[in-house]
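Here is the structure we will look at, set down as structure tokens.
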Amino acid sequence: MKLLNYQVVFAKPPGVNGAPAEDNFRYESCEYPADPPPGHVLVQNLYLSVDPAQRCQMNESTGAEYLLPWQLGQAIPGLGGVGKVLSSNDDGFSTGDIVMSGFFEWPWKLYFTIEADKIMKVDERLVGKRLSLPISCLGLVGLTALFGITERSQLRSLPTDGSIRRTLVVSGAAGACGHIAGQIGRLEGADRVVGICGSDTKCQFLTTQAGFDAAINYRSEDVSARLAELCPDGVHSYFDNVGGPISDAVIAQMAPGSAVVLCGQISAYNTDAPYPPPLRPEVQRLVDERGIVRERFLVLEYQDRFADGVARLARWLAAGAIKVFETEEDGLENAGKAFCSMMSGGNIGKQIVKVSDA
Ligand code: NDP
């Protein structure tokens, strides 16, 4: 009997300066993979990650050497996911293993073969029945929050004698990296954690479920006025996921010698601005005058510490010290829709796509 397979292909570019739309994607049937050749495994897709960086892959030039542009008519190469091994031609994997993407390759297909060195076994003792955790926390997302905060926020170097309220601001705070970064910031010593996000529902989520002290809805509130009110000692650390006018407003209230974790600049991803987009001259002047540390941060710089990082995140999760939230879309056919929704703020926590049951 011929087995059915499906894929999502890149159907139409959004244009360099356009927001992504559902018709940029097409869902279609495709060949079921042949038996895996030596060194390969056959995988059934269980969960897909959709990521802001994929918007850059929709352009002919992605602006990052580790990201390849998507090819029209080809299955989306995908950055992350979780699957089940259906058959293996590699000593490292057995039928039934739960696996995750290693580095930046996870086809948007129901079934695919992949080189064994591009995937890793999921430690099922760490994830239990929650098989999406490798993409929502125990993988690049959680590691980005972890290393961004522990290595770049400088929270640990602030005085602990009560002379200041050590204040962390997170933009894109209700998203995947943001909601975890705020919680880790608290564990790393922030006395006050303020989130900036795009809706009242998200503000409520941050303060009632994700442990933030306060939240600002940038769509309906005056961000500068609210920051002045909520951060009377100034901002000592800023985990920046978005850039643009929100970040300009935060930087204007940063204390001398404070630090920006330059995680991402999503407000510029639908444009052809270089990454990171240059600051406006008056904002750059403030950064220089106040000695604010603001250097590009890339989680891949910490690759040699990923295993330790995942173990640390897993311990915090198991102890209830951090909570991880997800927004789930069902079905491979809805992967493009989930991506567009995430890019325009439809998610709370990590946007995942459930492709099939284990
Ligand atoms: P999120 O889950 O945070 O989803 C994106 C969110 O961005 C949306 O939910 C939306 O929330 C917000 N957003 C979209 N457009 C704008 C805008 N114009 N202004 C302000 N907010 C906007 O995504 P991730 O957590 O996966 O990624 C967050 C950031 O981290 C991205 O910039 C990404 O590129 C970066 N990143 C960096 C890594 C690194 O190594 N440096 C690794 C992984 C991610 P809202 O409703 O609040 O607008």
So which strands (runs of 3 or more DSSP E) are wholly in segment 58-154 and hold at least 2 residues that are touching a strand residue (DSSP E or B) at 6+ places or on another chain (Cβ under 9 Å) and among the aromatic types (Phe, Trp, Tyr)?
-> 111-115
Leading residue by the ranking (farthest from the chain's Cα centre (by Cα)) among those in segment 228-246 that are within 15 Å of the ligand (Cβ to nearest atom) and crowded, with 24+ Cβ neighbours inside 10 Å = 238
Which of the residues spanning segment 310-358 are modelled with pLDDT of 95 or more, within 27 Å of residue 85 (Cα to Cα) and among the small types (Gly, Ala, Ser)?
-> 311, 314, 318, 331, 335, 336, 338, 356
Mind checking whether some residue in segment 108-120 is more than 16 Å from the ligand (Cβ to nearest atom), at pLDDT 95 or above, aliphatic (A, V, I, L, M) and more than 24 Å from residue 303 (Cα to Cα)?
-> yes
Contacts under 6 angstrom Cβ, first residue in segment 250-271 being closer than 17 Å to residue 297 by Cα, partner away from the ligand (no atom under 15 Å from the Cβ) and assigned to a strand (DSSP E or B), 6 or more apart = 258/236; 259/237; 259/293
Tally time: how many residues in segment 256-270 are surrounded by fewer than 21 Cβ atoms within 10 Å (Cβ to Cβ), over 19 Å from the mean Cα position of the chain (by Cα) and within 15 Å of the ligand (Cβ to nearest atom)?
-> 0
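Quick check: anything in segment 292-300 part of a helix (DSSP H, G or I) and within 16 Å of the chain's Cα centre (by Cα)?
Looking through segment 292-300, at least one residue is part of a helix (DSSP H, G or I) and within 16 Å of the chain's Cα centre (by Cα).
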Counting only residues that are free of Cβ contacts under 8 Å to residues at least 24 places away in the same chain, surrounded by 15 or more Cβ atoms within 10 Å (Cβ to Cβ) and of a type in the set (D, E, K, R), how many does segment 84-122 have?
-> 1
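In segment 305-358, how many residues are among the charged types (D, E, K, R), within 29 Å of residue 110 (Cβ to Cβ) and in a loop (DSSP other than H, G, I, E, B)? Don't jump to the end; show me each part of the working.
Residues of segment 305-358 among the charged types (D, E, K, R): 305, 308, 312, 315, 323, 326, 328-330, 333, 337, 350, 354, 357.
So of that shortlist, the ones also within 29 Å of residue 110 (Cβ to Cβ) come out as 326, 328-330, 333, 337, 350, 354, 357.
Retained after the next criterion (residues that are in a loop (DSSP other than H, G, I, E, B)): 357.
Adding up the residues that qualify gives 1.
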Flagged in segment 155-182 as outside any helix (DSSP H, G or I) and free of Cβ contacts under 8 Å to residues at least 24 places away in the same chain, in numbering order, are 159, 161, 162, 163
Every residue from segment 325-357 that is among the β-branched types (Val, Ile, Thr), touching a residue at least 40 places away in the same chain (Cβ under 8 Å) and within 12 Å of residue 175 (Cβ to Cβ) | 348
Residue 51 meets each of (1) closer than 21 Å to residue 354 by Cα; (2) not in a loop (DSSP other than H, G, I, E, B) with one exception, condition (2)
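The values are calculated or read from the model by the stated rules, or taken from the named source; none is laboratory data. Owing to the predicted nature of the structure, the values given are computational and were not obtained by experimental measurement. Glycine also receives a Cβ, built like all others from the backbone with ideal geometry; neighbour counts cover every protein chain displayed.
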